[in-house]
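Report on the following structure.
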Amino acid sequence: MSSVKNPKTYSQKPTEVTRRWILIDAASAPLGRVSTEIAKYLIGKYKPTYTPHIDGGDYVIVVNAKDAVVTGNKETGKVYYRHSGFPGGIKDATLKEVREKFPERIIENAVKGMLPKNKLQAERLKRLKIYAGAEHNHAAQTPEKVEVK
């Protein structure tokens, strides 16, 4: 028998959640590395107070989305699909085409694929702020810059 009398597992309550603002540069590492780091902060899994059914993650600001780094032939070989819902309504675009028109979607799709598919996913994605260039309008929140290796 253990010496601990009544061990309790900590479960965070929604009122106890504290959120930080994190700044990540998408041009600093490959797309997958950046996306896993973003997902980790959105979920809040690095926190000791992590509770699976409570959304305890942080706000994440991503800059330089248009300069996202990809390796190999993904620039022309990676294809994004979307469907209008109507018969024959499937459309496709390569990474290069998406980067020219909507560079934010590259990061958004990568991170969405790394988040758990549950009721918290949409709320977590709302806390993700992506900007194509180096400028963002969240200076008032004093975000902490995080280096992605």
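None of the figures in this text is laboratory data; all of them are computed from the coordinates on show. Keep in mind that what you see is a predicted model, and the values were worked out from it rather than measured. Quick reminder, even Gly has a Cβ in these numbers, built from the backbone with ideal geometry, and neighbours come from all protein chains shown.
Which value in nm describes the separation of the simple spin-label points at GLU97 and LYS145, placed 7 Å from the Cα toward the beta carbon?
Between GLU97 and LYS145, the label points sit 3.6 nm apart.
Using Cα atoms only, what is the angle between the long axis of helix 104-114 and the major principal axis of the chain, expressed in degrees (0 to 90) to the nearest 10?
Taking the Cα atoms of the chain, the angle to 104-114 is about 40 degrees.
Name the residues whose placed amide hydrogens come within less than 5 Å of the amide hydrogen of ALA29, ignoring near sequence neighbours (fewer than 5 apart) on the same chain.
VAL69
Per residue of region 76-82, what does 6.51 cos²θ - 1.76 cosθ + 1.60 with θ = phi - 60° give for ³J(HN,Hα)? Whole Hz please, x for Gly and Pro, Karplus curve as stated.
3J(HN,Hα) across region 76-82, in whole Hz: 10, x, 7, 10, 9, 10, 9.
Report ³J(HN,Hα) in whole Hz for each residue of region 116-132, in order, from the Karplus equation J = 6.51 cos²θ - 1.76 cosθ + 1.60 where θ = phi - 60°; Gly and Pro get x.
Calculated HN-Hα couplings, in order: x, 8, 8, 5, 8, 4, 5, 5, 5, 5, 5, 7, 9, 10, 10, 10, 5 Hz.
In terms of Cα to Cα distance under 15 Å, which aspartates and glutamates are near enough to LYS149, apart from those fewer than 8 places away along the same chain?
ASP25, GLU37
What's the ranking of 43-49, 141-147 by average number of surrounding C-beta atoms within 10 Å, highest first?
43-49, 141-147
Just to confirm my numbers, what's the Cα centroid distance between region 51-68 and region 121-149 in Å?
That distance is 7 Å.
Amide H to amide H under 5 Å from GLY44: which residues, 5+ apart in sequence or cross-chain, H placed 1.01 Å off N in plane?
Residues meeting the criterion, in which the H sits 1.01 Å from N, are ASP58.
Rounding to the nearest 20 debye, state how big the charge dipole of region 35-140 is about its Cα centre with +1 on each Lys and Arg Cβ and -1 on each Asp and Glu Cβ. Can you show the working numbers first?
On the way: 19 positive and 12 negative charges, 63 e Å.
Value, rounded to 20: 300 debye.
For GLU16 and HIS138, what does the FRET efficiency come to when R0 = 22 Å and r is the distance between their Cβ atoms, rounded to the nearest 0.05?
Values: r = 24 Å, r/R0 = 1.09.
For GLU16 and HIS138, the calculated efficiency is 0.40.
Near the amide H of ILE22, under 5 Å away, which other amide H atoms are found, from residues 5 or more places off or on another chain, if H is placed in the peptide plane?
Those lying under 5 Å, H to H, from ILE22 are TYR59, VAL60, ILE61, GLU144.
What are the ³J(HN,Hα) couplings of region 84-95, residue after residue, when phi is run through the Karplus curve with 6.51, -1.76, 1.60 and θ = phi - 60°? Round to Hz, x for glycine and proline.
6, x, 9, x, x, x, 7, 10, 10, 8, 6, 4
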